[in-house]
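Structure first, then comments.
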Amino acid sequence: MGRQWRLAMRAAEQAGCVVSASRAKQPEAGSWSCSGVILSRNPGLVLCHGGIFLPFLRAGSETLATAEAIFLPGDSCGDDLRLQVQWAPTAAVGSNGLVDQGRPGLCTPQC
Amino acid sequence: AGLEPGPPAPLHGRSLQTPRRAELLLLLSCPDFRAHFERLFGDEEAEQWRFASVAPDYEASEDEEEDQLRALGWFALLRVRPSLEVAEERGPAMAVASLGTVPKGAPLLACGSPFGAFCPDIFLNTLSRGVLSNAAGPLLLTDARCLPGSEGSGVFAAGPPGILVALVAAPLCWKAREWVGLTLLCAAAPLIRAVRTALGHLRPADAALAAVLPPELGTPRVLPLRSPGPPWAAAAVLVECGAVWGSGVAVAPHLVLTCRHVVPGEESRVLVRCDTTESVTIWGRVVFATQETSPYDVAVVSLEEALDGIPIPVPTKHFNEGIIASNTRDNTTGATYPHLNFSIPITLLQPALRRYSETGDLGGFQELDYATEPIQVVWRLQRPLNEVPRSKL
């Protein structure tokens, strides 16, 4: 279980990121942030919580309460939405389960 | 060293990546998650629940609370703008666990950033271990500790590595101004499916992105409304006594052990609910409850009908784990610590239980009212009295 946990922890850490949302024209108005998961690195796709987008919804938060709303396009939020994603440095896991620290560009046998 | 902050410490000896710009591709929700959430927490009884990431003393406006509830089941797909410095950056392979393939009680690992973007040098990728505590469709519960800002964190299976089970929907759940300590999750599989569908509908030009989404592992199956869990868990029953409720353990087909504080006062008739394959409700009678002054917070309930089909636990002989008797409350601050519990070894209760089962004699239980002073001291969270030093005179 110990080695399995270590590998699971490493994989979880490499998928973790933090997402911040702020107003491009009013950065002083503050920022909203949450955690996220990196689904793919190339191209970079991240899934995060939707709560941080509430202040940016053009039609207000009621949009989310609409029963038939399952998904909304990105332009449901105002143009001044500025998003940033930050993650920890990549440490690729080799086939032997060991981690190569700090060597950029390495990857698993097949991502 | 002074108190002035120094340069940020590198994470695990390596510097953090510079934040990257990203664009919002779409917002999505899981309709099943929303439906289950509405069913479980949407009625009047649910008024005492709070899913806000703030302490219960914080007086959020009604609008704020409504907004938070609306957003609870919503997630967002972002595309990170490519970086020129790292042309080819890849992480470990990820897959998504199919709905229902992770059993109740399975170990889980949550990885998130408590307090969001605040101080990522310390908080980014904070790990927390727990189990899948319960499941209702795609609405999952875990006891892994998650803090405000952890919304959106990935929750992974313990193995094989890189299996995404769920995303955190609400990291803190308060009920009646007490922290419950469970975290609400939304299963990842229906979310990823929703992403695929949404990409096709809303962004046909980006439909190719669906190909890089993590694949689903395991055979999807139709889920029961609730995960049945391991068979021994059926011995745990709900005990309702007037407005008070708590847990109990069926120790014989007609006998349930619970806590005295669950069946308080004059109420002697209680309702016992058992959640096996079908929900069973049986009336019972409190035949014994320790006195208020006793440190053993124990009550015995005799049922009017037998609990059929429940595996009755076999009490251990050399093990000092027993029923949970009480959690801990600091009467000065009013704070409750749900994770600090007193337990009564079943080895201590077993002789009385056996005597009652065989002869109907409650005398064995009555001995619990006369606990020795050291046990009284522990119950009051007092320090053991030192021996009084003898006078040399």
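The values are calculated or read from the model by the stated rules, or taken from the named source; none is laboratory data. Predicted model, so just to flag it, every value in this text is computed and none were measured. We place every Cβ from the backbone using ideal geometry, glycine too, and count neighbours over all the protein chains shown.
Here are the numbers:
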{"item": "Members of segment A:1-25 that are surrounded by fewer than 23 Cβ atoms within 10 Å (Cβ to Cβ) and either aliphatic (A, V, I, L, M) or within 13 Å of A:LEU83 (Cα to Cα) (or both)", "result": "A:MET1, A:LEU7, A:MET9, A:SER20, A:SER22, A:ARG23, A:ALA24, A:LYS25"}
{"item": "Whichever residue in segment A:45-63 is over 25 Å from B:PRO214 (Cβ atoms) and hydrophobic (A, V, I, L, M, F, W, C) and, among such residues, is nearest to the other protein chains (Cβ to nearest Cβ)", "result": "A:LEU54"}
{"item": "Residue within segment A:52-73 that is among the polar types (S, T, N, Q) and within 19 Å of the chain's Cα centre (by Cα) present", "result": "no"}
{"item": "Strands (runs of 3 or more DSSP E) within segment B:87-175 that include 2 or more residues touching a residue at least 12 places away in the same chain (Cβ under 8 Å), out of contact with any Leu (no Cβ under 7 Å at 6 or more places or on another chain) and surrounded by fewer than 24 Cβ atoms within 10 Å (Cβ to Cβ)", "result": "B:126-136"}
{"item": "Answer residue from segment B:284-310, given it is over 24 Å from the mean Cα position of the chain (by Cα) and farther than 19 Å from B:GLY360 by Cα and is surrounded by the most Cβ atoms within 10 Å (Cβ to Cβ) among those", "result": "B:TYR296"}
{"item": "Residue list for segment A:28-71, filter: within 15 Å of B:CYS186 (Cβ to Cβ) and among the β-branched types (Val, Ile, Thr)", "result": "A:VAL37, A:ILE70"}
{"item": "Hits in segment B:338-373 (condition: modelled with pLDDT of 90 or more, in contact with a helix residue (DSSP H, G or I) (Cβ under 9 Å, 6 or more places away or on another chain) and assigned to a loop (DSSP other than H, G, I, E, B))", "result": "B:ASP361, B:LEU362"}
{"item": "Odd one out for A:ASN42 among (1) more than 20 Å from B:ILE122 (Cβ to Cβ); (2) at the interface with another protein chain (Cβ under 7 Å from one of its Cβ atoms); (3) at pLDDT 90 or above", "result": "(3)"}
{"item": "Lone qualifier among A:ALA92, A:ALA29 - being at pLDDT below 80, buried (at least 19 other Cβ atoms within 10 Å of the Cβ) and more than 7 Å from chain B (Cβ to nearest Cβ)", "result": "A:ALA92"}
